[in-house]
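Right, one structure below, let's go through it.
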Amino acid sequence: GCPHASLEEISRLLPLLGKGSKPFWICTSRRVKEEARRSGLGKRVEEAGGRMVADTCAVVSPLEKLGFKTVGVDSAKAAHYLPSLCRVEVVFSPPGELLGR
């Protein structure tokens, strides 16, 4: 979600998620996060180990301070900036491949 994930993108992820998936974040807008909550998508994301984060991007988050060493992203922007700004290794792949790793 850098740029922010749309409700449609979040919906397309759900079939790829299983309970107890690796932890993952979906960065989105406050409006989309609220729509996902109302529709039940937010709960399904959380049940699969996900967290929806609103109005921010991984590029400006304290990933290294949170203990992350490697981050999987589907954004070329995030893949470019994360190593230097957050000091993490990056795996750049489509969401389906990232969630299957």
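The numbers here are math on the coordinates, done by the rules we state, and not lab data. Predicted, not measured: the structure shown is a model, and the values here were computed from it. Ideal geometry is used to build each Cβ from the backbone, glycine not excepted, and the neighbour counts take in all protein chains shown.
Taking amide H atoms as placed 1.01 Å from N in the peptide plane, the amide H of MET52 lies under 5 Å from those of ILE26, each 5 or more residues away in sequence or on another chain. Using only Cα atoms, tell me the angle between helix 76-86 and the longest principal axis of the chain; keep it within 0 to 90° and round to the nearest 10. So the inclination is approximately 60 degrees.
Phi angles across region 33-38 convert, under the Karplus curve 6.51 cos²θ - 1.76 cosθ + 1.60 with θ = phi - 60°, into 3J(HN,Hα) values of 4, 5, 4, 5, 4, 5 Hz, Gly and Pro given as x.
Each peptide in 23-31, 83-91 receives the mean, over its residues, of other Cβ atoms within 10 Å, and ordering these scores from highest gives 23-31, 83-91. Rounded to the nearest 20 debye, what is the charge dipole size of the chain about its Cα centre when +1 sits on each Lys and Arg Cβ and -1 on each Asp and Glu Cβ? Its charge dipole is roughly 260 debye. Amide H to amide H distances under 5 Å link SER61 with no residue, where only residues 5 or more positions off or on other chains count and H is placed in the peptide plane.
Considering only LEU66, CYS27, VAL90, and ranking their Cα positions along the charge dipole of region 7-99 that arises from unit charges at the beta-carbon of Lys, Arg, Asp and Glu, the one farthest toward the positive end is LEU66.
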